[in-house]
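Student: Sending over a structure as structure tokens; questions will come in a sec.
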Amino acid sequence: MDSEIKTAILRLLDFCQANDWAGYDPYDALNSTVLEALPFLNSRIPRIVLTQGLKRSPFNIRKLLFIPKVQNAKAIALFLAAFIKLSRAEEVNLGHLIPTMVDRLIALRSPGVPYWCWGYSFPWQTRTIIVPAGAPNLVCTTFVASALLDAYEQSQNSACLSMAVSAAEYILNELYWSGDGSAAGFSYPQPSLQLEVHNANFLAAALLCRVYKHTGEEKFIAPALRVARYSAAKQRADGSWWYAEEPSQRWIDNFHTGYNLCALRSIRRDSNTAEFDSCIRKGFDFYRAHFFREDGAVRYFHDRTYPIDIHCVAQSIITLVELQDLDSSNIPLARSVLQWAVNRMWNDRGYFYYRVLRSGTIRTPYMRWSLAWMFLAMSTLLCDSHVAAKNPLTETSPSFVEAC
């Protein structure tokens, strides 16, 4: 299967390069210039309706709505992380693209902020507020900073480390909050919202632990572990987490659970602690039991099959590889997941579809949500195979993902 993965990587690469790494996004409806021409539509309810309608539509009508293809910092970061993996594994030589991706991240930095931080390339309406395009947020910033740390570890480029440290300082100084008792978290999607969003907490805590490992600065480690402990304590008896603790946000989904597990594994590695091991074990057992069909299809939600979403496919592959030491069948399952997606969600033009529904397929290629994530997932699986072939895993050797 490795040759097939490599072929798919190169074809997807050609498609993304041909589009200059720019594309549409499931949530880019508010980039429409129609909202400027018809200002009565530019209010909370119409913005939500337009965003959800366009996201769910089986037809891509963005050209009709004058929505441009744009570059997204998170997508660029995912490509950067993938290029570094492939370069280390010596499977596909894309090292020449690494400086290009770093330069693009520099150009896409959120404006008017004293820290290095990043946001999405579109405004987005939450239930209560609108987040402007380019406004920094925790999730986008953590993924970019993590990719920059990958670049630093590969080339010792001090500029990449400096940007990642600045991003960690943004999260620590602007987003960290603590309350009574053990309560603590990182604000998302904006600094004013002190919500308990568990994947945001774990992702930010993981980044701070990783920056601490590189810098030795104690200011990063204590808040990171306090927040991680708080969200770990919110794990439910069956091993799952709600997306967040607000009553309207109590759902359990595939890719956010995958974020939680991978971030906890990263925290374990970079803070040299085993205190979250039982939490990871319980969460992983729930993940394996609820998000995979026998044929390799992955579920978005824990209690129903549809929609089958390409982002969930990608994160499932990454999570299975990252936690392969917990179950010897993880890698065969990851390959089965990829094969299912290639059979049912791959277009011969070189891209993956967005979603398979009970009644059909949404075939729109989304640069951030779909293509960048699948590029990283396939690169992760190929890198794992390369390292496994060169260094068979023993009980004392590092996981394949760590070696990559």
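Student: May I ask you to derive the relative contact order of the chain, considering only C-alpha pairs under 8 Å and at least 6 residues apart, and to give it as an integer percent?
Tutor: Contact order relative to length: 17 percent.
Student: Can I ask one more? At 0.36 nm per residue, and after removing the present C-alpha to C-alpha distance, how many nm does the segment from R226 to R281 gain when stretched out fully?
Tutor: My answer for the length gained is 17.8 nm.
Student: When the Karplus curve 6.51 cos²θ - 1.76 cosθ + 1.60 is applied with θ = phi - 60°, which whole-Hz ³J(HN,Hα) does each residue of the stretch 277-294 get, with x for Gly and Pro?
Tutor: 4, 5, 5, 5, 4, 5, x, 5, 4, 5, 4, 5, 6, 10, 10, 10, 8, 5
Student: Within straight cross-link reach of K74, meaning Cα distance under 29 Å, which lysines are found once same-chain residues fewer than 8 apart are removed?
Tutor: The qualifying lysines are K6, K55, K63, K85, K213, K219, K234.
Student: Report the label-to-label distance for I129 and A107 in nanometres (one decimal), using points 7 Å from each Cα along the Cα→Cβ vector.
Tutor: Going from the I129 label point to the A107 one covers 3.0 nm.
Student: Over what distance in Å are the Cα centres of the stretch 98-176 and the stretch 315-349 separated?
Tutor: 28 Å
Student: Can you send over the carbon and sulfur percentage of the accessible area for the chain, probe radius 1.4 Å, protein chains only?
Tutor: Looking at the chain in its full context, I get 51 percent from C and S.
Student: Still on this structure: Given a 1.4 angstrom probe, what's the average accessible area per residue across the stretch 122-234, in square angstrom?
Tutor: I get 35 Å² per residue for this part.
Student: Which residues in the stretch 1-43 have a backbone N closer than 15 Å to a point placed 7 Å from the Cα of A388 along the Cα-to-Cβ line?
Tutor: It comes to 1-6, nothing else.
Student: Right, something else. With each run of n ≥ 4 DSSP H residues scored as -39500 (n - 2.57), what mean residue ellipticity at 222 nm is computed for the chain after dividing by its residue count and rounding to the nearest 500 deg cm²/dmol?
Tutor: -16500 deg cm²/dmol
Student: Excluding same-chain residues fewer than 8 positions from K69, which aspartates and glutamates have a Cα within less than 14 Å of its Cα?
Tutor: D20, D25, D28
Student: What percent of all Cα-Cα pairs in the stretch 192-315 falls in each 5 Å bin, counting up from 0?
Tutor: Result returned by the calculation: 2, 11, 21, 22, 18, 13, 8, 3, 1, 0.
Student: Which number comes out as Rg/Rh for the chain once both Rg and the Kirkwood Rh are worked out on C-alpha atoms?
Tutor: With Rg and the Kirkwood Rh in hand, the quotient comes to 0.93.
Student: On to the next question. Between T305 and F40, what's the calculated FRET efficiency when r is the beta-carbon distance and R0 is 56 Å? Round to 0.05.
Tutor: Efficiency, from the Cβ-Cβ distance: 0.90.
Student: Additional query: What distance in nm lies between label points placed 7 Å from Cα along the C-beta direction at R250 and Q154?
Tutor: With each label point 7 Å from Cα toward Cβ, the separation is 4.4 nm.
Student: Let me ask you something else. Relative to the Cα centre, what is the charge dipole magnitude of the chain, using +1 at the beta carbon of each Lys and Arg, -1 at the beta carbon of each Asp and Glu, and rounding to the nearest 20 debye?
Tutor: In total the dipole reaches around 1080 debye.
Student: Explain nothing, just the number: relative contact order of the stretch 198-261, from Cα pairs under 8 Å at least 6 residues apart, as a whole percent.
Tutor: Relative contact order for the stretch 198-261 comes out at 38 percent.
Student: For A184, which sequence-distant residues (separation of 5 or more, or a different chain) have an amide H within less than 5 Å of its own amide H, given hydrogens modelled in the peptide plane?
Tutor: G179
The values are calculated or read from the model by the stated rules, or taken from the named source; none is laboratory data. As the structure is a prediction and not an experimental result, all values here were calculated from the model. Heads up, the Cβs are rebuilt from the backbone with ideal geometry, glycines too, and the neighbour counts pull from every protein chain shown. Heads up: the accessible areas ignore ligands, DNA and RNA and are worked out on the full protein's heavy atoms, side chains in. Shrake-Rupley method; radii C 1.70, N 1.55, O 1.52, S 1.80 Å.
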